[in-house]
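Enquirer: This structure is in structure tokens; I'll ask about it shortly.
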Ligand code: ARG
């Protein structure tokens, strides 16, 4: 579509006396392609040209010579509409889509620019909360999208790996170790220890003091405390990594909060040197001119530093190390104020890169009643675990949800299987579909909105779901199998011509623009929405068997239609891959 818009904007630019980029930004898509494929609303021109929008549209339609590649110029009231030449459009739209040399939609626009993506960031030895899962899925999708556009992406897992809770764990561990010396420490044990501490601390005096003492030991580098801290961190990481693998995620860096222990002092000195910090009620703070913004607390009166202090040191460190073009923090809506404060301090420190730091907010995930009973639940029910209660951890929980998704997907596969091949790969497919269902559900709406998870929606083969897209991919692949011959690299699509085919081709051609928009808005749902629309466009074409027999005696037409199918399949597979969803060949 891009080049068509370019042709039009260049043709219109001298007539309107506007730069062609401005004209290009005005284009819209008419509601019905019988009106045209590209529309120019003339309202914004009325003042400048001293005429009514309808007059402008009609005048332009007579003044303008038919630009290359177009077959008709018409008007609908204030709109000037352009119809693309059906004969020529297919080859133009579909050229390069199946290219094996360069994935369609990929580009180099980000070349030489680094994006730091701060995502997932669970807290060590604490239950992995559900917002960490959202951050993981959204952040990973954004990483892939940026990479696809040529950016260098540094994915950072800013682990919460420092805090007084480690002292609590150490107390619990020491008692636990005495009771069961030979047992290994894994994430489940860590959670149990955490829970145990809080149970015991309620009944026993002095446990909190012991925990504080252990934390002081840790801070002063006591070897036993450090050994335990490393053990807990390692074991938690192993559990997280197991889940990351199921999502196909790898981090470039694990740089947790503890990494900044010895870097905060210098940061605080730089802040002080700028004269922007002050002591208020014994604490070190930076105040803001905007009185709606509470001061950013950097050091408590007892000398301890804070979450924000670490984030300031981390931001400086990241800029120093990567000279990022953008530093994106994929963190829940709730931390909005925290990031405004952190970015505010960076700005006051005079860093011009502060404007390139952005909080990529998202809403909460809630579970529908088909996932968790909402009633009073017993210990085995999931409900309690979504509230962040520590009785059972979310690590177990996420793994369980994934396992359940996989098991349910397996049933789905087996029930719908029409080929032996599918049954033979049922386990593999079940994992693909189960994970795909969860990932798509997270990415299907604009991220700032809260998401409701129900099995019914997430695994609905006929609804707006991951499995539906995967199923469409399998259907497309099956058409190619049925065709049975190798498709040539270059295909002549000029025998195509129906409106349904034109719509499919237009949808395919829109893919690069969609990716750019998703990146511009840091919004993976732009891609999810697009893939659903693409598939529904394709299914319209596909189900209309009367007009569209894909494989027929007409060789050229068959090749063009199979080629079109392969274009859709390619774009669908690429789009799914960018979201973090696998595209099965059969299902
Ligand atoms: N671990 C933090 C939490 O669970 C999130 C960290 C987000 N990233 C950051 N640089 N502050 O709330």
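Enquirer: Here is a check on your reading of the model: is residue 5 under 30 Å from residue 251 (Cβ atoms), at pLDDT below 95 and under 33 Å from the mean Cα position of the chain (by Cα)?
Expert: So residue 5 fails the test.
Enquirer: Can you report the number of residues in the stretch 318-330 which are within 14 Å of the ligand (Cβ to nearest atom) and free of Cβ contacts under 8 Å to residues at least 60 places away in the same chain?
Expert: Number satisfying all stated conditions: 1.
Enquirer: Take the stretch 72-111 and flag every residue that is assigned to a helix (DSSP H, G or I) and either touching a helix residue (DSSP H, G or I) at 6+ places or on another chain (Cβ under 8 Å) or modelled with pLDDT of 95 or more (or both). Talk me through it step by step, then tell me what you get.
Expert: Initial filter on the stretch 72-111 (assigned to a helix (DSSP H, G or I)): 86-94.
Within the stretch 72-111, 86, 89, 90, 92, 93, 94 qualify.
Every residue, every condition in (1) at pLDDT 90 or above; (2) in contact with a helix residue (DSSP H, G or I) (Cβ under 9 Å, 6 or more places away or on another chain); (3) under 30 Å from residue 116 (Cα atoms); (4) assigned to a strand (DSSP E or B), yes or no:
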residue: 155; (1), (2), (3), (4): yes, yes, yes, yes
residue: 189; (1), (2), (3), (4): no, yes, no, no
residue: 209; (1), (2), (3), (4): yes, no, no, no
residue: 231; (1), (2), (3), (4): yes, yes, yes, no
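Enquirer: Output the number of residues of the stretch 109-136 satisfying the condition of being over 25 Å from residue 320 (Cβ atoms) and more than 15 Å from the ligand (Cβ to nearest atom).
Expert: Final tally of qualifying residues: 1.
Enquirer: Follow-up. Confirm whether residue 331 is part of a helix (DSSP H, G or I) and surrounded by 19 or more Cβ atoms within 10 Å (Cβ to Cβ).
Expert: When the stated conditions are applied, residue 331 does not pass them.
Enquirer: Let me ask something else about it. Name the residue that is nearest to the chain's Cα centre (by Cα), counting only residues in the stretch 160-206 that are within 16 Å of the ligand (Cβ to nearest atom) and surrounded by fewer than 22 Cβ atoms within 10 Å (Cβ to Cβ).
Expert: 160
Enquirer: Also, quick follow-up: So, restricting to strands (runs of 3 or more DSSP E) that lie completely within the stretch 258-313, which ones have at least 3 residues that are at pLDDT 95 or above and within 15 Å of the ligand (Cβ to nearest atom)?
Expert: On the way: elements: 277-280, 283-286, 296-299.
Counting at least 3 such residues, we get 296-299.
Enquirer: Next question. Out of (1) more than 25 Å from the chain's Cα centre (by Cα); (2) within 15 Å of the ligand (Cβ to nearest atom), the odd one out for residue 86 is which?
Expert: (2)
Enquirer: Go over the candidates 404, 385, 410, 392 one by one and state the one that is assigned to a helix (DSSP H, G or I), in contact with a helix residue (DSSP H, G or I) (Cβ under 6 Å, 6 or more places away or on another chain) and at pLDDT below 95.
Expert: Numbers: 404 fails: in contact with a helix residue (DSSP H, G or I) (Cβ under 6 Å, 6 or more places away or on another chain); 410 fails: at pLDDT below 95; 392 fails: assigned to a helix (DSSP H, G or I).
None of the other options fit; the residue is 385.
Enquirer: When you check residue 235 against the structure, is it surrounded by fewer than 17 Cβ atoms within 10 Å (Cβ to Cβ) and in contact with a helix residue (DSSP H, G or I) (Cβ under 8 Å, 6 or more places away or on another chain), yes or no? Quick ask: steps written out before the conclusion?
Expert: Details: surrounded by fewer than 17 Cβ atoms within 10 Å (Cβ to Cβ): no; in contact with a helix residue (DSSP H, G or I) (Cβ under 8 Å, 6 or more places away or on another chain): yes.
Against the criterion (surrounded by fewer than 17 Cβ atoms within 10 Å (Cβ to Cβ) and in contact with a helix residue (DSSP H, G or I) (Cβ under 8 Å, 6 or more places away or on another chain)), residue 235 does not qualify.
Enquirer: Quick one: residue 373 ticks every box in (1) modelled with pLDDT of 90 or more; (2) touching a helix residue (DSSP H, G or I) at 6+ places or on another chain (Cβ under 7 Å) except a single one, so which number is it?
Expert: Result: residue 373 passes all but (1).
Enquirer: Could you check residue 347 against (1) part of a helix (DSSP H, G or I); (2) within 15 Å of the ligand (Cβ to nearest atom); (3) surrounded by 15 or more Cβ atoms within 10 Å (Cβ to Cβ) and say which number it fails?
Expert: Residue 347 satisfies every listed condition except (2).
The values are calculated or read from the model by the stated rules, or taken from the named source; none is laboratory data. For clarity, every value in this text was computed on a predicted model and none was experimentally measured. Quick reminder, even Gly has a Cβ in these numbers, built from the backbone with ideal geometry, and neighbours come from all protein chains shown.
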